[in-house]
Amino acid sequence: MRKAQSQDGVAPVTWTETFNCDICGKQKGTVDHWWLAWSEPYSPHAEAPERHMFKIYPWENMLAHDSTAKHLCGQACLQKLVDRWLNVELGATHSAAAHPGK
């Protein structure tokens, strides 16, 4: 097997892409069952206040490049992120209810 070389005799540059879990820091391997998660603004109807909708999707390489996507190495880290997101959302809801008109 021959090593690839460019015409000027210099070996071509190779690209290595790595992803790490946004919760525990684990590096993604090739056979892991990873997840992606993000939130988007959402309002179910015109009179409803806009809130964030949490979305979860099985790993997909192109979507993993989105700057808003969280990379999650498995169910345990996914559950931690959901818990954190719920606490933030519930805190925002309680704060808005306590201070109407703000």
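Just so you know, all these numbers are worked out from the coordinates, no wet-lab data involved. Being a predicted model, the structure only gives us computed values, none of them experimental. Cβ coordinates were reconstructed from backbone atoms using ideal geometry, including for glycine residues, and neighbour counts include every protein chain displayed.
List the residues of the stretch 24-47 whose backbone N lies under 14 Å from a point placed 7 Å from the Cα of Gln75 along the Cα-to-Cβ direction.
It comes to 33-35, nothing else.
Can you list the residues, at least 5 places off or on another chain, whose amide H is less than 5 Å from the amide H of Ser39, using H built in the peptide plane?
HN-HN under 5 Å from Ser39: Lys55.
If packing is taken as the average number of other Cβ atoms within 10 Å across a peptide's residues, how do 12-20, 78-86 rank, most packed first?
Ranking, from highest mean packing down: 78-86, 12-20.
Per-residue counts of other Cβ atoms within 10 Å, averaged by peptide: what ranking do you get for 51-60, 37-46, 68-77, highest first?
Output ranking for 51-60, 37-46, 68-77: 68-77, 51-60, 37-46.
Please give the length that would be gained between Glu50 and Glu17 if that part of the chain were fully extended, namely 0.36 nm times their separation in residues minus their C-alpha to C-alpha distance (nm, one decimal).
Stretched fully, the Glu50-Glu17 segment lengthens by 8.3 nm.
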